[in-house]
Amino acid sequence: MTTKPGGGRQLAVRLKTAKKRTTSQQKWLERQLNDPYVARARKEGWRSRAAFKLIEIDDRMKLLKPGQRVVDLGAAPGGWLQVAAKRIGLDKGQGKIVGIDLLAIDPVPGVDFIQGDFTDDHAAEQLKSLLGGEADVVLSDMAANAMGHKKTDHLKIVYLAELAIHFAREVLAPGGLFLCKVLQGGTEGALLADLKRDFTTVKHIKPRASRQDSSELYVLATGFRGRDQSPAEA
Ligand code: SAM
């Protein structure tokens with residue numbers, strides 16, 4: 001038996017081994033089938049279980065507000081886009097959302113989406129021109145495919161987080177916020193120092209929907225100080 005996010009209980013699904021699946025594929029599939037957030041996402045119409053991470057963070061921190069301008073990095077399959085669209089009132093013509101991912105997505109009404117690599121030279125400019133102005137919120141749930149080599153996987157996610165911070169600094173309006181997936185220990189040193197210099201508040205959040213056995217967590221930086229800081233202020 002496993003516990004549902006609402007507190008109820010459900011039967012665990014165990015798969016018979018299939019010849020074509022590797023052990024890790026088998027484990028992943030069993031975990032998906034037994035994951036209460038996956039079932040809840042399907043039932044409630046969210047495209048990913050990741051949607052619950054943003055819902056939980058936003059319910060707690062009250063980040064998303066009607067009319068905001070949002071950029072979502074690593075947006076596929078679109079769970080965060082759906083949550084953000086709902087909370088900023090995109091369906092009522094309020095706000096703006098621009099997303100990017102390596103993977104294609106089914107369109108989310110009102111969202112401008114680029115299928116491409118955020119690490120490409122032109123990606124940041126493309127996002128900025130679609131946005132047509134400054135952003136209030138930069139979200140990044142980007143994660144490169146895990147290689148299974150802990151150190152390499154860690155370096156890759158730190159690299160994506162660094163690029164995302166750089167982009168956030170270029171595009172955010174003063175007072176704006178940045179929420180980014182990192183790994184435990186990944187926002188120490190230079191990364192954290194950068195954020196603390198540019199934002200008034202920086203904290204780490206591990207939502208319940210983030211698997212407890214994963215080292216994933218989110219760094220939330222609010223109150224962007226703006227690009228025109230004097231060296232003394234910086
Ligand atoms: N927040 C999403 C949602 O709610 O549906 C889930 C995002 S998923 C955890 C991470 C995504 O980051 C993947 O879809 C992956 O393709 C994307 N990604 C990884 N590296 C990227 C890159 N260099 N450029 C754009 N997207 C990238």
Give me the percent relative contact order of the chain, please, defined on Cα pairs under 8 angstrom at least 6 residues apart.
15 percent
If Trp80, Trp46 are ordered by their accessible area, calculated over protein heavy atoms with a 1.4 Å probe, which sequence runs from highest to lowest?
Trp46, Trp80
What FRET efficiency, computed as 1/(1 + (r/R0)^6) with R0 = 35 Å and r the Cβ-Cβ distance, is obtained for Lys86 and Arg227, rounded to the nearest 0.05?
0.70
For the chain, set up a Gaussian network in which alpha carbons nearer than 10 Å are linked by springs, and say which option among Arg47, Arg197, Arg169 fluctuates the most.
Arg197
Rounded to the nearest 0.05, FRET efficiency between Glu162 and Ser129 (Cβ-Cβ, R0 25 Å) equals 0.65
Once Lys62 and His154 are pulled to full extension, the length gained, defined as 0.36 nm per residue separation minus their Cα-Cα distance, is 30.2 nm
Given 0.36 nm per residue, what is the gain on full extension from His204 to Asp120 after removing their alpha carbon distance, in nm?
27.5 nm
Order Asp117, Asp228, Asp59 by their accessible area, 1.4 angstrom probe, all chains in place, largest first.
Asp228, Asp59, Asp117
Point-to-point label distance, Glu44-Met147, nm (Cα→Cβ direction, 7 Å offset)
3.6 nm
So how much accessible area does Lys92 have, in Å² to the nearest 10, using a 1.4 Å probe?
150 Å²
Can you list the DSSP H helices in the chain whose Cα atoms extend at least 30 Å along the helix axis and whose mean Kyte-Doolittle hydropathy is -0.5 or higher?
150-171
How much solvent-accessible surface does Thr23 expose, in Å² to the nearest 10, with a 1.4 Å probe and all protein chains in place?
100 Å²
Run the helix sum for the chain: -39,500 (n - 2.57) per DSSP H stretch of 4+ residues, divided by residue count, reported at 222 nm to the nearest 500 deg cm²/dmol.
-11000 deg cm²/dmol
Taking a cut-off of 28 Å between Cα atoms, list the lysines near Lys156, but don't count ones fewer than 8 places away on the same chain.
Lys27, Lys53, Lys128, Lys181, Lys196, Lys203, Lys206
Put Tyr218, Tyr37 in order of accessible area, largest first, 1.4 Å probe: what do you get?
Tyr37, Tyr218
Accessible area per residue of the stretch 85-209 at 1.4 Å probe, in Å²?
52 Å²
Taking a straight Cα-to-Cα line shorter than 19 Å from Lys62, and setting aside same-chain aspartates and glutamates fewer than 8 residues away, one finds Asp72, Asp136, Asp141
What is the percent carbon and sulfur in the accessible area of the stretch 88-183, measuring with a 1.4 Å probe over the protein chains and ignoring ligands?
54 percent
DSSP bridge orientation in the chain - percent antiparallel, rounded to nearest 5
45 percent
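The values are calculated or read from the model by the stated rules, or taken from the named source; none is laboratory data. Owing to the predicted nature of the structure, the values given are computational and were not obtained by experimental measurement. A quick note on method: Cβ atoms are made from the backbone with ideal geometry, for glycine too, and the neighbour counts reach across all protein chains shown. Side chains included, ligands, DNA and RNA excluded: accessible areas come from the protein's heavy atoms. Shrake-Rupley method; radii C 1.70, N 1.55, O 1.52, S 1.80 Å.
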